[in-house]
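Peer 1: One structure is given below, represented as structure tokens, and several questions about it will come after.
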Amino acid sequence: MNAHRMWVLAGVVVALALTSAARELPTARPDRVGMSAERLDRITELARGYTESGKLAGVLTMVARDGQVVHVSAVGQRGVDDPRPLTEDALFRIFSMTKPITAVAAMILYEEGKFQLGDPVSKFLPELAELDVLVDGERVPAKNVMTMQQLLTHTAGFSYGFVETDPVDKLYGEVQALGAKDMDEFVERLATLPLKYEPGTQWHYSVAVDVTGAVIERISGQRFGEFLKARLFDPLDMRDTFFQVPPDKLDRFLPNHGWDRENDKLVPFDDTEFMDYTGGTRVESGGGGLVSTARDYVRFAEMMRAGGVLDGVRILSPKTVEFIATDHLPASINAGGEGERPATNLLNRGGGFGLGFGLVRDPALTGVIGSPGEYSWGGAAGTIFWIDPVEEIVVVSMIQLMGSPWPLRAELKVLTNAAITELK
């Protein structure tokens, strides 16, 4: 091989290596971006306290400022019955942290003019054209037309079936819409259920984002997961985010846990009854079905923080990102139910709701340090992320504990904000 060809091949190898490296967020010393390394280490100590006391198996946290990673800590082990150390490439059930991804996917189509927020949902899902509302035990035709904006803000009138004593939720439990084999069957099952309230009159956590996924399928002509992969995951190099864990990555998929209150200890939790991550036999849940890594989710959140672009790949316009992160709930809306813990007493504690994201309107009313305009969401197994557009910070923290009783999320916010040494 002549010298010229060797240099050409070497250049190709270097170029490929640089391209690969460019797909990772850069790292920075915390002091270079106005944060304290010593104070960020408190996040590690917090996690260590939880894992060494047996309250959590493992905690993985990433913090970035100005698009640069300043803190990564993987503390503890994979599971209560798996003593292997927790690693940065671990795969987590992110449950409702799927919702912001689904909302962004919908807004990609919105930017292309495929729908307007005032469009009736029935324009895309005619099965939902004639829905009833349960009023005093009787089903009566809904007076209001359900819109796309209501789907994206949990004001559409749907529920989740969490409250067994509620008559509507009881019906959700019987129909098991999310147990459908695909989106079409999911919509068909959902169409048989009454709404919990008139569309546009209350905020109530629900399957609305799963319905959004069905709309995306109908508009795009692709399976929902295929659309996400083509329009979000591949462009953002979210290489470990999917509804079904590939066989060659199953060894990185963590076990789930519950807290045994009677015996005061962490125990394994079998979630296969309501979510299938390996068989592909259930609907691709836009409300809670994805598995991901902290690394992948930081890339998604950083794209939003940076105004819809990452590594030169534009997903959304900065104007659309600003619109998503604006409170879309009118003053007349009441909080009719709780969602993940970030949404507890959502409208009564300084919060609001954008398009797929919970918002902080007044940090003082939330009782936790933060910035006005911060947007976020969490998952049922304790995962959490937030984007602070004032301080240009992104945080992703992952655990696997259903209905966590611990104040880890609030504590993490305090420690992250306390590590800021220079305000924006």
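The values are calculated or read from the model by the stated rules, or taken from the named source; none is laboratory data. Source: prediction; values computed, not measured. For neighbour counting, all protein chains shown are included, and Cβ atoms are generated from backbone atoms with ideal geometry for every residue, glycine included. Side chains included, ligands, DNA and RNA excluded: accessible areas come from the protein's heavy atoms. Shrake-Rupley method; radii C 1.70, N 1.55, O 1.52, S 1.80 Å.
Peer 1: What GluC sites (Glu not before Pro) in region 21-76 are in a loop by DSSP, with at most 15 other Cβ atoms within 10 Å of the Cβ?
Peer 2: Numbers: sites: Glu24, Glu38, Glu45, Glu52; in loops: Glu24.
Within region 21-76, the qualifying GluC sites (Glu not before Pro) (loop, at most 15 other Cβ atoms within 10 Å) are Glu24.
Peer 1: Could you work out how far apart the two model spin labels at Arg223 and Phe274 are, taking each label as a point 7 Å from the Cα in the direction of the beta carbon, and quote it in nm?
Peer 2: Modelled inter-label distance: 2.4 nm.
Peer 1: With springs only between Cα atoms under 10 Å, which of Ala331, Ala230, Ala142 fluctuates most in a Gaussian network model of the chain?
Peer 2: Highest fluctuation of the listed residues: Ala331.
Peer 1: For region 250-287, which GluC sites (Glu not before Pro) are in a loop by DSSP, counting at most 10 other Cβ atoms within 10 Å? Before the final figure, lay out each step's value.
Peer 2: Working: sites: Glu262, Glu273, Glu284; in loops: Glu262, Glu273, Glu284.
Those satisfying the criteria are Glu262, Glu273.
Peer 1: Still on this model: Once the Cα atoms of helix 98-111 and of the chain are each reduced to a long axis, what angle between those two axes, in degrees from 0 to 90 to the nearest 10, is obtained?
Peer 2: For helix 98-111, the angle is close to 80 degrees.
Peer 1: Accessible area per residue, 1.4 Å probe, Å², for region 258-336: what's the number?
Peer 2: Numbers: 3530 Å² over 79 residues.
Result: 45 Å² per residue.
Peer 1: So between Arg29 and Val313, what do we pick up on full extension, going 0.36 nm a residue minus the alpha carbon distance?
Peer 2: Working: separation 284, 0.36 × 284 = 102.24 nm, distance 2.55 nm.
Length gained between Arg29 and Val313: 99.7 nm.
Peer 1: Once a ≥ b ≥ c are taken as the square roots of the eigenvalues of the Cα gyration tensor of region 192-255, is the result rounded (a/c under 1.5), prolate (a/b larger than b/c) or oblate (a/b not larger than b/c)?
Peer 2: Judged from the Cα gyration tensor, region 192-255 comes out prolate (a/c at least 1.5, a/b above b/c).
Peer 1: Taking 8 Å as the Cα distance limit and 6 or more residues as the minimum spacing, I'd like the relative contact order of region 120-190 as a percentage.
Peer 2: Working: 62 pairs, mean separation 15.3, N = 71.
Over region 120-190, the number comes to 22 percent.
Peer 1: Between Pro126, Pro389, Pro318, which gets the highest mean-square fluctuation from a Gaussian network model of the chain, Cα cutoff 10 Å?
Peer 2: Pro126
Peer 1: List the lysines whose Cα lies under 21 Å from the Cα of Lys229, skipping any in the same chain that are fewer than 8 positions away.
Peer 2: The reachable lysines, counting only those whose Cα sits under 21 Å from Lys229, are Lys99, Lys114, Lys181, Lys249.
Peer 1: Taking the Cα atoms only, what angle lies between the long axis of helix 3-21 and the longest principal axis of the chain, rounded to 10 degrees?
Peer 2: Relative to the chain, helix 3-21 is tipped by roughly 40 degrees.
Peer 1: At a 1.4 Å probe, what is the % contribution of carbon and sulfur to the accessible area of the chain?
Peer 2: Details: 9540 of 18250 Å².
About 52 percent, which is the carbon plus sulfur part of the accessible surface.
Peer 1: Straight-line reach only, C-alpha to C-alpha below 19 angstrom: list the aspartates and glutamates that Lys265 could link to, leaving out same-chain residues fewer than 8 apart.
Peer 2: Here the aspartates and glutamates satisfying the reach criterion relative to Lys265 are Glu52, Asp81, Asp82.
Peer 1: Residues with beta-carbon under 10 Å from that of Ala418, excluding Ala418: net charge, scoring Lys, Arg +1 and Asp, Glu -1?
Peer 2: +3
Peer 1: For the chain, what does the helix formula give at 222 nm: sum of -39500 (n - 2.57) over DSSP H segments with n ≥ 4, over the residue count, nearest 500 deg cm²/dmol?
Peer 2: Details: 12 runs with 123 residues, N = 424.
So the calculated ellipticity at 222 nm is -8500 deg cm²/dmol.
Peer 1: Taking the Cβ of Trp259 as the center, what net charge do the other residues with Cβ under 13 Å away carry, scoring Lys and Arg +1 and Asp and Glu -1? Show your work: numbers first, answer last.
Peer 2: Numbers: positive: Lys55, Arg261, Lys265; negative: Asp260, Glu262, Asp264.
Around Trp259, the charge tally is 0.
Peer 1: Which residue fluctuates most in the GNM of the chain (Cα springs below 10 Å): Thr366, Thr98, Thr241?
Peer 2: Thr366
Peer 1: Using alpha-carbon pairs under 8 Å, 6+ residues apart, how would you state the relative contact order of the chain in percent?
Peer 2: Numbers: 828 pairs, mean separation 90.5, N = 424.
Across the chain, relative contact order equals 21 percent.
Peer 1: Excluding residues on the same chain fewer than 8 positions from Lys123, give the aspartates and glutamates whose Cα lies under 19 Å from its Cα.
Peer 2: Glu111, Glu112, Asp132, Asp184, Glu185, Glu188, Glu198, Asp210, Glu217
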